Amino acid sequence: MSPLFSRKPSRLLLILLLAAAGPQRSIVAAEKEPPKKEISDEMSSELSKMKEKVDAKDYAAAVKILDGVLAKAGHETYDTALASQLKVQILLMDGKYEEAVPALLTAHDLGEKYGFYEKKTLLDQLYLLCQIHYQIASEAKQPERQDEYYTKAYGYIRRWLDTNPKPTVEGQLFAASILYGHGTLIQGKPNLPLLRQARDEAMQGMYLGLKTPDQLYVLLLASLQQLADHRGEIDVLEELTRRQPSNALYWQQLAGSYLAMANEATEDREIRHYQLCTILTIQRAQANKLMNTPKDCLNLIGMYFNLDQFAKASELLADGIKAGKIDNSRANWELLSLAYQQGGHEDLAIKSLSQAADLFPTEGQLDLSIAQMHYGAGRNADALVHLERAVTKGNLKKPGAAYLFLGFTAYELQKFDDAAKWADVALQQTDVKPDDAKRLKRAALDALKERQALKNSKV
């Protein structure tokens with residue numbers, strides 16, 4: 001993570017140095033009288049030395065000078081407040097963030113107690129305390145240290161928000177970011193109470209400006225996703241896709257959230273509602289030339305299957321395969337055939353499988369499927385043709401069942417010699433019950449004997 005703080009002399013440091021260079025008055029404090037906003041002569045004389053060291057970027061020497069001042073100054077004096085504040089700025093320029101914390105606390109506490117600084121400076125100090133603790137937490141390796149500094153960082157930003165007459169969207173975003181980082185320290189074990197706080201802080205920020213920055217929506221979305229609040233995710237993602245219609249990730253997440261709602265729903269009407277929302281989201285993304293991958297297109301087709309919209313599913317499949325938007329695979333051709341079949345178009349189902357069989361000449365399973373449809377429609381002769389093609393091509397899931405089916409079909413067509421032959425082949429396959437094959441062969445041989453007997457009786 002890059003440093004949050006500049007190492008160049010800050011504007012606040014220069015202002016403090018210029019202020020200290022003006023006319024000085026010794027502090028004459030009555031007993032129990034609050035310290036005045038005046039620096040001592042000794043402090044004034046040390047400032048020029050310190051400035052020389054800062055200009056030379058000898059930060060260690062500059063801090064040493066201030067430590068000498070602090071050792072001699074009373075604890076509750078303006079010298080201590082000013083020297084502490086200057087020490088903070090120098091340590092930050094030197095990249096020593098954690099070392100700056102005690103001095104910053106001293107400067108802030110004295111400034112708040114005795115009115116040494118204006119309200120804006122006090123608020124800036126609180127914000128700086130939050131930044132330092134947040135950076136330390138983000139870079140820490142030990143969970144205990146991370147937990148400690150995230151907790152302190154949130155405490156300071158909460159004080160900043162509570163005491164600031166004009167809290168900002170950025171401040172709310174910072175508060176939400178701290179809580180989210182704290183709540184997701186342990187991967188896979190989100191701290192749900194902290195994430196709810198992060199969500200609430202982010203939502204609060206939306207009331208502070210005329211236009212909510214995208215970063216606040218993203219932080220809110222991340223919190224909702226950790227909380228598995230899909231309904232909340234949808235509201236945020238709808239806004240993000242409206243703002244950034246070319247962001248593919250937002251469209252994918254929105255479709256996923258609608259689908260998650262469909263999976264969680266228990267009533268058919270609600271399920272169909274969210275499935276339809278998923279479809280519309282994918283189509284809206286595609287209108288922006290996104291979510292057009294083969295996987296996206298198949299997901300869309302699957303949603304139409306779920307809604308029993310087989311005509312639309314088959315249309316998208318046919319057009320997608322033709323246009324190359326969907327893989328020209330055997331599985332997708334089979335899915336197209338199923339869509340036609342479910343839609344009551346058996347002729348188109350067979351036609352699509354026949355096209356696939358030509359495209360994949362070694363896939364006998366395609367001809368087997370065609371044969372099953374012909375057989376179911378009573379076209380046994382056509383079924384027999386495709387069954388013979390199927391066993392010739394091979395690559396069958398259950399070859400024994402295919403041979404047995406072929407034998408039974410041949411038997412029904414009174415091709416008893418073929419039926420007996422195919423029964424013998426089926427008997428050699430491991431996926432067939434031997435008794436089934438033997439029964440078929442016995443029936444075929446008996447039929448042949450009867451045919452021969454009948455033939456003999458007519459001679």
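For segment 413-430, filtering for residues that are under 20 Å from residue 389 (Cα atoms) and under 55 Å from the mean Cα position of the chain (by Cα) leaves 5.
Considering the conditions (1) loosely packed, with under 15 Cβ neighbours inside 10 Å; (2) under 18 Å from residue 92 (Cβ atoms), residue 118 is excluded by exactly one of them, (2).
From 289, 322, grab the single residue that is without any contact (Cβ under 8 Å) to a residue 24 or more places away in the chain and outside any helix (DSSP H, G or I). Unique residue meeting the criteria: 289.
Quick check: anything in segment 192-205 touching a Leu at 6+ places or on another chain (Cβ under 9 Å), more than 23 Å from residue 261 (Cα to Cα) and not in a helix (DSSP H, G or I)? No, every residue in segment 192-205 fails to be touching a Leu at 6+ places or on another chain (Cβ under 9 Å), more than 23 Å from residue 261 (Cα to Cα) and not in a helix (DSSP H, G or I).
Determine whether segment 27-49 contains at least one residue that is within 19 Å of residue 103 (Cα to Cα), modelled with pLDDT of 85 or more, among the basic types (Lys, Arg) and assigned to a loop (DSSP other than H, G, I, E, B). Yes, there is a match, as at least one residue in segment 27-49 is within 19 Å of residue 103 (Cα to Cα), modelled with pLDDT of 85 or more, among the basic types (Lys, Arg) and assigned to a loop (DSSP other than H, G, I, E, B). Sub-7 Å Cβ pairs linking a first residue in segment 382-408 that is without any contact (Cβ under 8 Å) to a residue 60 or more places away in the chain and over 14 Å from residue 421 (Cα atoms) to a second residue that is assigned to a helix (DSSP H, G or I) and charged (D, E, K, R), at least 6 apart or interchain, are 386/367; 389/367; 390/367; 393/367, ordered by first then second residue. Any chance segment 136-144 includes a residue that's farther than 16 Å from residue 82 by Cα and buried (at least 19 other Cβ atoms within 10 Å of the Cβ)? For segment 136-144, residues farther than 16 Å from residue 82 by Cα and buried (at least 19 other Cβ atoms within 10 Å of the Cβ): present. Counting the residues of segment 129-169 that are assigned to a helix (DSSP H, G or I) and touching a residue at least 40 places away in the same chain (Cβ under 8 Å) gives 11.
Yes or no, residue by residue, for (1) crowded, with 16+ Cβ neighbours inside 10 Å; (2) closer than 30 Å to residue 154 by Cβ; (3) basic (Lys, Arg); (4) at pLDDT below 95:
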{"site": "173", "(1), (2), (3), (4)": "yes, yes, no, no"}
{"site": "177", "(1), (2), (3), (4)": "yes, yes, no, no"}
{"site": "198", "(1), (2), (3), (4)": "yes, yes, no, no"}
{"site": "211", "(1), (2), (3), (4)": "no, yes, yes, yes"}
{"site": "217", "(1), (2), (3), (4)": "yes, yes, no, no"}
{"site": "233", "(1), (2), (3), (4)": "yes, yes, no, no"}
{"site": "237", "(1), (2), (3), (4)": "yes, yes, no, no"}
{"site": "246", "(1), (2), (3), (4)": "no, no, no, no"}
{"site": "251", "(1), (2), (3), (4)": "yes, no, no, no"}
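Checked against (1) under 20 Å from residue 338 (Cβ atoms); (2) within 45 Å of the chain's Cα centre (by Cα), residue 399 passes all but a single condition, namely (1).
Within segment 307-339, being of a type in the set (Lys, Arg) and within 15 Å of residue 360 (Cα to Cα) holds for one residue alone: 330. Scoring residue 289 on the criteria (1) closer than 30 Å to residue 247 by Cβ; (2) of a type in the set (Lys, Arg); (3) surrounded by 15 or more Cβ atoms within 10 Å (Cβ to Cβ) leaves a single failure, condition (3). Residues that are exposed (fewer than 15 other Cβ atoms within 10 Å of the Cβ), touching a Leu at 6+ places or on another chain (Cβ under 8 Å) and among the acidic types (Asp, Glu): does segment 373-389 have at least one? Taking every residue of segment 373-389 in turn, none turns out to be exposed (fewer than 15 other Cβ atoms within 10 Å of the Cβ), touching a Leu at 6+ places or on another chain (Cβ under 8 Å) and among the acidic types (Asp, Glu).
The values are calculated or read from the model by the stated rules, or taken from the named source; none is laboratory data. Computed from a prediction, not measured in an experiment: that's the story for all the values here. Quick reminder, even Gly has a Cβ in these numbers, built from the backbone with ideal geometry, and neighbours come from all protein chains shown.
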